[in-house]
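See below for the structure under consideration.
The values are calculated or read from the model by the stated rules, or taken from the named source; none is laboratory data. No experiment lies behind these values; they were computed from the predicted model shown. Heads up, the Cβs are rebuilt from the backbone with ideal geometry, glycines too, and the neighbour counts pull from every protein chain shown. Surface areas here come from the heavy atoms of the whole protein model, side chains and all, with no ligands, DNA or RNA. Shrake-Rupley method; radii C 1.70, N 1.55, O 1.52, S 1.80 Å.
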Amino acid sequence: MKEIPEAIVCEGCDAVYGRAALREREVARCPVCGTELERHLGGQQARILPLAVAGLIMFCVANLFPIVEIELRGLRSQTTLAGAVVALAGEGMSLVALLVLATTILFPLLQLLILLWLLVPLRRHERIVAGFAWLVRTMQSLRPWGMIEVFLLGVLVALVKLSSMATVLPGPALYAFMALTVLLTAVLAFDPRGFWEMAEGAMGQAEAEAAGREEAA
């Protein structure tokens with residue numbers, strides 16, 4: 001199959017158009033069905049890696065420190081997210097524990113790790129990692145399953161209800177979850193087509209450097 005990089009196909013009606021250079025914040029839409037064809041990424045390409053690194057740091061804090069501390073009649077209790085998963089499994093709610101583990105720990109962590117695995121070599125103009133296309137598709141398929149914001153909302157509702165019965169002290173992990181929710185929203189808003197543009201730029205940079213070395217030799 002011959003690739004035509006100067007052409008773009010509408011995902012809504014399959015119409016084919018010539019790719020045009022876009023100015024900052026400009027969006028190209030299909031004149032037939034109105035589907036977005038392409039948008040100028042602006043500074044997103046430069047911000048996505050720092051946001052992913054910050055997200056991974058917040059993820060570690062959110063999972064290593066207590067979410068909340070509850071004091072009732074002189075007794076104190078605190079737990080981490082992993083501790084909550086273990087407690088659910090111990091109470092016979094294995095399916096719920098598995099869902100919490102997958103949607104709040106495994107899937108968000110996989111998304112962040114895939115992002116870093118893709119972006120670090122591209123940022124350094126080194127190479128395109130093996131399985132680049134598969135990893136981008138996998139990250140896209142994981143997006144609907146990461147439910148950090150749903151978990152955070154549930155925790156906040158529970159804290160409001162418990163505050164009338166016991167002393168509730170938010171832990172470091174709760175604030176980390178808040179920051180992680182914002183960071184993941186910003187990271188996952190990145191258009192996946194931007195990865196291909198970054199890959200093309202990295203390949204072009206590598207080819208230019210290789211040609212320069214050949215000329216110097």
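Can you tell me which residue within segment 3-51, out of those that are over 27 Å from Leu183 (Cβ atoms) and among the acidic types (Asp, Glu), is modelled with the lowest pLDDT?
Glu3
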The correct count of residues that are open to solvent by 40 Å² or more (accessible area, probe 1.4 Å), hydrophobic (A, V, I, L, M, F, W, C) and part of a helix (DSSP H, G or I) in segment 152-166 is 6
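So, of the residues in segment 125-147 that are more than 13 Å from Leu112 (Cα to Cα) and among the β-branched types (Val, Ile, Thr), which turns out to be surrounded by the fewest Cβ atoms within 10 Å (Cβ to Cβ)? Steps first, answer last, please.
From segment 125-147, those more than 13 Å from Leu112 (Cα to Cα) are 125-134, 137, 141, 144-145, 147; that's our starting set.
With the extra rule that they be among the β-branched types (Val, Ile, Thr), the set shrinks to 128-129.
Values: Ile128: 17, Val129: 15.
Among those that are more than 13 Å from Leu112 (Cα to Cα) and among the β-branched types (Val, Ile, Thr), it is Val129.
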task = Please tell me if Leu180 is in a helix (DSSP H, G or I), open to solvent by less than 30 Å² (accessible area, probe 1.4 Å), in contact (Cβ under 8 Å) with a residue 12 or more places away in the chain and farther than 29 Å from Glu11 by Cα.
result = yes
Scanning segment 51-104 for residues that are polar (S, T, N, Q) and open to solvent by less than 60 Å² (accessible area, probe 1.4 Å) gives Asn63, Thr79, Thr80, Thr103, Thr104
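Condition check: open to solvent by 30 Å² or more (accessible area, probe 1.4 Å), hydrophobic (A, V, I, L, M, F, W, C), modelled with pLDDT under 80 and in a helix (DSSP H, G or I). Does Met203 satisfy that? Before you say what the answer is, go through the steps one by one.
Numbers: open to solvent by 30 Å² or more (accessible area, probe 1.4 Å): yes; hydrophobic (A, V, I, L, M, F, W, C): yes; modelled with pLDDT under 80: yes; in a helix (DSSP H, G or I): yes.
Considered against the rule, which asks whether it is open to solvent by 30 Å² or more (accessible area, probe 1.4 Å), hydrophobic (A, V, I, L, M, F, W, C), modelled with pLDDT under 80 and in a helix (DSSP H, G or I), Met203 comes out as yes.
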Only one of (1) assigned to a helix (DSSP H, G or I); (2) closer than 30 Å to Leu75 by Cα; (3) touching a residue at least 12 places away in the same chain (Cβ under 8 Å) does not apply to Leu169, and that is (1)
